Amino acid sequence: MRYRRMGAGALQVGAIGLGCMPMSWAYSASEQDGESSLRTLHGAVDAGATLLDTADMYGPYTNELLLGRFLRERRREVLLATKCGLLVGDKHIVANGRPSYVRRACDASLRRLQTDTIDLYQLHRPDPEVPVEETWGAMADLVTAGKVRALGLCAMEVRGRRRGAGAPLHEPTLRLLNRVQQVFPVSSVQAEFSVWSPEARDGLLPWCESHGVGLLAAMPLGNGYLTGTLTTGGGFEPEDIRARHPRFTAEIMAANQPIVAGLRRIASRHPGTTPAQVALAWLLAQGQHVLPVPGTKKARWARENCAAAELDLTAEDLSELAGLPPAQESWI
């Protein structure tokens, strides 16, 4: 595994991390198995992944509890990232950025994760009812207290008025980043970034590069679509978030097949390479500040994802990927 540095604290992490959400939340409930997920975590770390990304809302809470079991054995080998700021209700999710809540949420996460320090504590969403400086200030106090090493923001909007590659950074996002940066240094920003959602390359990545901030590429495999393993119109279980998303209707999945076909063509030039690995290697080629965080609950895919860090795409590969058609529909 190749390594990259992230943020003002120069946190060193494996170039490809592991998103832990699918192990406990938002995808197939029938495949949620604690023992299988523990094997996946071990497999990913054995393959060189050091950044493990979770959140208190995943489950809620069950994903952190799962990681706590894993961390009892291998805490020193990983950079632990979790999040606060969202509460899961019966019918909807609400933001909570009150400083008192942030402090309670951090302590609760530390207990569930069975650790005394969170390496990267991320604000899942800003609370529109609370000035972000107050929320961020409370998170900064956690660093001073030694409970947290670095801070990040996630789920950032990256599109300006124009959509697609070349679009400017969403102005409210730019203002928000600059506001929190004045309170305490931002070490990472997490946003959707992939072959079929490349907007962060021209909107968000330049800001991250100019401030020495890591860009955690969320949904780098298009929620599984870019792996080429999903059956068009095959359907998803009711609790799977893709069952309700317009990108995963049979019609839209069929319309976006040229993107997967392009990934397959390039993979065929590199023996033993998969479309998913090409998609991850493309992200790594966008700059040293980019850190893909693909989510999976299967050890096989975790190892495959990590191996993508060793794939060097050619100039021809990158040119062909740049010419792929934009995806229809948008995740964010």
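The values are calculated or read from the model by the stated rules, or taken from the named source; none is laboratory data. Quick caveat: nothing in here was measured; it's all calculated off a predicted structure. Heads up, the Cβs are rebuilt from the backbone with ideal geometry, glycines too, and the neighbour counts pull from every protein chain shown. Please note that ligands, DNA and RNA were not included when accessible areas were found on the heavy atoms of the full protein model with its side chains. Shrake-Rupley method; radii C 1.70, N 1.55, O 1.52, S 1.80 Å.
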Report task. Net charge near PHE184: determine it from the other residues with C-beta under 10 Å of the C-beta of PHE184, scoring Lys and Arg +1 and Asp and Glu -1. Result -> -2
Report task. Compute the convex hull volume of the Cα atoms of segment 176-332, divide it by the residue count, and report the result per residue in Å³ as a whole number. Result -> 129 Å³
Query raised in the report: Which trypsin sites (Lys or Arg not before Pro) does segment 251-332 hold that lie in a coil by DSSP with at most 13 other beta carbons within 10 Å?
Result: ARG269
Report task. Please build a GNM for the chain, connecting alpha carbons under 10 Å apart, and tell me which residue among GLY48, GLY146, GLY137 fluctuates the most. Result -> GLY146
Report summary line: Rounded to the nearest 10 degrees, the helix 34-46 long axis (Cα) sits at an angle to the longest Cα principal axis of the chain of 80 degrees
Report task. State the antiparallel share, in %, of DSSP beta bridges confined to segment 1-134, rounding to the nearest 5. Result -> 45 percent
Query - Among THR54, THR249, THR314: highest mean-square fluctuation, GNM of the chain, C-alpha pairs under 10 Å - result: THR314
Query - Beta bridge orientation in segment 179-318: antiparallel %, DSSP, nearest 5 - result: 10 percent
Query raised in the report: Can you give the convex hull volume per residue for the Cα atoms of segment 1-119, as a whole number of Å³?
Result: 113 Å³
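What is the percent carbon and sulfur in the accessible area of segment 216-332, measuring with a 1.4 Å probe over the protein chains and ignoring ligands?
Numbers: 2730 of 5040 Å².
About 54 percent, which is the carbon plus sulfur part of the accessible surface.
Given segment 66-140, report the % of alpha carbon pairs whose separation exceeds 20 Å. Don't jump to the answer; show the numbers that get you there.
Values: 976 of 2775 pairs.
It works out to 35 percent of all Cα pairs.
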Report summary line: In a Gaussian network model of the chain with springs linking alpha carbons closer than 10 Å, the residue among LEU123, LEU87, LEU65 that fluctuates most is LEU87
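Of all DSSP beta bridges located in the chain, what percent are antiparallel, nearest 5? The partial results should precede the final answer.
Details: 8 of 34 bridges.
Of the beta bridges lying entirely in the chain, close to 25 percent run antiparallel.
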Report summary line: Across the alpha-carbon set of the chain, Rg over Rh with Rh taken as the Kirkwood radius works out to 0.94
Query raised in the report: Helix 171-183 versus the longest principal axis of the chain: what angle, 0 to 90°, nearest 10, using Cα atoms?
Result: 40 degrees
